[in-house]
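These notes concern the structure reproduced below.
The values are calculated or read from the model by the stated rules, or taken from the named source; none is laboratory data. For clarity, every value in this text was computed on a predicted model and none was experimentally measured. Every residue, glycine as well, gets a Cβ built from its backbone with ideal geometry; the counts of neighbours run over all protein chains shown. Please note that ligands, DNA and RNA were not included when accessible areas were found on the heavy atoms of the full protein model with its side chains. Shrake-Rupley method; radii C 1.70, N 1.55, O 1.52, S 1.80 Å.
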Amino acid sequence: MTKSLDTGVPAGTEPTASGPADVDRAPLRRHRRNRALIQLGCIAVTLFMALPLYLVALAAFTSRSALDRFPLSLLPTDLSTETIGRFLASTGILASLGNSLIVGFGALVLSTVVGVPAAYALARYAFRGKDSYQLFLLFTRALPIVVLSVPLAQLFLSAGIYDTTYAVILLHGALALPTTILITASVFVSVPVDVEEAARVFGCTPAQAFRHVVAPMALPGIAAASIFTFVLSWNEVLGASILTLNRRTLPAQVLTSLNESPLAYRFAGGFALVVPALLFIAVMRRWLTNMWGTTIR
Amino acid sequence: MAEIRMEGLVKTYPGGTERATDDVSLDVADGEFVVLLGPSGCGKTTLLRMLAGLEFPDAGKITIGGEDVTYRAPQDRNLSMVFQSYAVFPHRTVRANIGFGLAMRKVPAAQIAQKVAWAAELLQLTPYLDRYPAKLSGGQRQRVAVARAIVMDADVLLMDEPLSNLDALLRLSFRAELKKIVQDLGTTTVYVTHDQGEALSLGDRVAVMRTGRIVQLGDPLEVYDRPADTFVGGFLGSPPMNFLPATVHDGQLSVAGHARPAPAHLQGHSGDLVVGVRAEHIGISGINDTDGTNGIEARVDVVEPTGSAVLLTTSVGAGPGPAVLKVSAPPTFRARPGDTVRLDLAPDALRYYDAETQLALEP
């Protein structure tokens, strides 16, 4: 953490005691003070993000009786899996967790398969209507999900895929497509045309050049887009609730069943919702921070 | 190994009005090193890209080794290329970069390893084989790009300003190294550059291009000594060739107010022309020296010592407005701004150009 906050002054430049006495130290003191303030700011922001997570996790792993105690202990003193265990054992939770994962990865695959070629075309080719196409992409997101979902439900009912994970995958894939396209397009722009041409000269067909050279170089962008897609799908409740009855995704299930549940279960539900998304981001982070140690040049 | 034949290549970029290459024809013999030289926008890179298959010509024909490749995809032409920006693959190690082309051709792994080792040895990259390009300096990256190109055993080697991103010192040392490598390989090579020094030092032949056409094609010294027009003379050489207005009248050539008998091939000529002379072909002497009495008087404006010579910017006063002459004097020559010197334009160092067409008037 400290290293990334370094303001660029090399470590060894701080004057030693033996130097000339008449050095103006005020700028150095200012520099150090600013650095300390930045550190403090970072800590504050981190706490702001992490504290709720901690409290939810703590409550999820505390027994019901301990949770009702006063004053509430903020340290993990008496951990128990009673709450989370009961939550996971309740009807429909594990199944909906499975549904959520299927929908999340399904939407991810769908939006990548459709979105990456579109992004490549946007990045590489000049074509008529390129700007309006880009604008049009964002219009998908301008419509409220409820407005989209009701006619979709009608459509899926007549197509016979209502109340299936496919229906939700299609919805989430479509919702994620604009971000997937725009994010990966911006990364494709940064992959030099020269490198692609070199691949062509050295024996690649256009498809091979894409697979062997362009796609690997664009991986960070594809990873970022996939995080967006997965988290979007994982958190999306409204559309998923409208398009399914029995095959609910986790948030939809939690929303409908936990409204009447005791407080402790809500914490457990919250924890179960947060963890998979966090895990996914942690895994994808590896691809986000470019694996060759530099950004693309 | 193969010869290249380009016939009547025309290319206009979409949206452009000017022809990027305008009916260019050029033959490159098997094993020859040809340099395409010209200022930016002259069409030299377009010509190279058409050779590589990265652009298709609007008209014309390209054959390599007797085969018509005009509209073939790059990967079907058996050529390799060094790019100006290096274009090494950042997500592959140096080893994988060099072996990339061979791997794409499905050459057995053992053979690839052998070729990569050979090329790495030749370009002093052996210690870096397992590094990623991001960990290399610019010069090393360019070596990777060259190694990647030479392992291919391609018919034709194309180079697009491969040295222009290197710093001056490195450029000079790598230039000699590159020349030796290409000489030893004996591959037909087309090299694009805007640097006249590179062109003169590397090429078996130099093709000077301007506005989409080849204006002069010849071996480096011929192009340097006998520029086909004033553009070539002004583009090649550092400093570029000097040009002075002159007239021929009654068999007398008058340059900068100084008359002398015109050379034989200009005897029939009458009227204005332009005289070109290289800075190092101008004799110079102090105004009081006795041996330079028949020279032109000139005033020294700027003195620039370059170490190996002293570069003088002089103005010759006669005529409407002073003509400026750059003179390369021996390093021992001493002069100060404001001094008057005598310049001796030796007859065999002068080149004559038509005042209107700017084309050379050769015997």
Rounded to the nearest 10, the angle in degrees between the Cα long axis of helix B:168-185 and the longest principal axis of the Cα atoms of chain B comes to 60
Links exceeding 32 Å between C-alpha atoms in this model, out of B:Lys135/B:Lys179; A:Lys130/B:Lys135; B:Lys115/B:Lys179; A:Lys130/B:Lys106, come to A:Lys130/B:Lys135; A:Lys130/B:Lys106
A student asked for the Cα radius of gyration and Dmax of segment B:4-235 in angstrom ought to give 17.6, 55
Computed over chain B: longest principal axis from alpha-carbon atoms vs helix B:138-150 long axis, angle to nearest 10 degrees, is 70
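Between beta-carbons, use under 12 Å as the cut-off and find the net charge around B:Asp22, counting Lys and Arg +1, Asp and Glu -1. Walk me through the intermediate numbers first.
Details: positive: B:Lys11, B:Arg19, B:Arg210, B:Arg213; negative: B:Glu18, B:Asp23, B:Asp58.
Residues near B:Asp22 contribute +1 overall.
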Nearest-0.05 FRET efficiency for A:Ser186 and A:Leu53 at R0 = 51 Å, using Cβ-Cβ distance, is 0.95
Simple SL model, points at 7 angstrom along Cα→Cβ for B:Ser137 and A:Val274; separation in nm is 5.1
Using a 1.4 Å probe on heavy atoms of the protein chains only, the accessible area for A:Trp287 in Å², nearest 10, reads 70
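Could you give the semi-axes, largest first, of the ellipsoid that matches segment B:242-354, computed as the square roots of 5 times the alpha carbon gyration tensor eigenvalues and rounded to whole Å?
Details: eigenvalues 131, 35, 33 Å².
Semi-axes, largest first: 26, 13, 13 Å.
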SASA check, B:Lys61, accessible area w/ 1.4 Å probe, all protein chains in place, rounded to nearest 10 Å², comes out at 90
The simple spin-label model distance between B:Val324 and A:Cys42, using points 7 Å out along Cα→Cβ, in nm, is 5.6
Per residue, the convex hull enclosing the alpha carbons of segment A:172-297 has a volume in Å³ of 120
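Percent of alpha carbon pairs in the protein assembly as shown separated by more than 36 Å? Intermediate values should be presented prior to the final figure.
Working: 134959 of 217470 pairs.
For the protein assembly as shown, the fraction of Cα-Cα distances above 36 Å is 62 percent.
Expressed as a whole percent, how much of the Cα-Cα distance distribution for segment B:112-201 exceeds 22 Å?
Working: 1011 of 4005 pairs.
Taking all Cα-Cα pairs of segment B:112-201, the fraction more than 22 Å apart is 25 percent.
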By the DSSP-based rule, helices of chain A that are at least 30 Å long along the axis (C-alpha) and have a mean Kyte score of at least 0.0 are A:26-60, A:93-124, A:165-190, A:263-288
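Which order do A:Arg69, B:Arg342, A:Arg211 take when ranked by solvent-accessible area (1.4 Å probe, heavy atoms of all protein chains), largest first? Provide the component values of the computation, followed by the final result.
Values: A:Arg69 130, B:Arg342 40, A:Arg211 155 Å².
I get A:Arg211, A:Arg69, B:Arg342, largest accessible area first.
Near B:Pro261, within a Cβ-to-Cβ distance under 15 Å, what is the net charge of the other residues, with Lys and Arg +1 and Asp and Glu -1?
Computed value for this residue: -1.
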Descending accessible area (1.4 Å probe), largest on the left, turns A:Ser261, A:Ser149 into A:Ser261, A:Ser149
Of B:Asp58, B:Asp130, ordered by accessible area with the largest first and a 1.4 Å probe, the sequence is B:Asp130, B:Asp58
Expected field for A:Phe105, accessible surface area in Å² at 1.4 Å probe radius, rounded to 10, holds 90
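At a threshold of 8 angstrom on Cα-Cα distance, excluding pairs fewer than six apart, so keeping six or more, what relative contact order does chain A reach in percent? Display every interim value, and only then the final one.
Details: 283 pairs, mean separation 75.2, N = 297.
About 25 percent, as a whole number.
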Placing each pseudo-label 7 Å from Cα in the direction of the beta carbon, B:Glu7 and A:Leu94 end up separated by a distance in nanometres of 7.7
Given all pairs of distinct Cα atoms, chain A yields a Kirkwood Rh in Å of 23.2
For B:Lys11, the aspartates and glutamates lying under 13 Å Cα to Cα, once residues fewer than eight places off in the same chain are dropped, come out as B:Asp22, B:Asp23, B:Glu55, B:Asp58
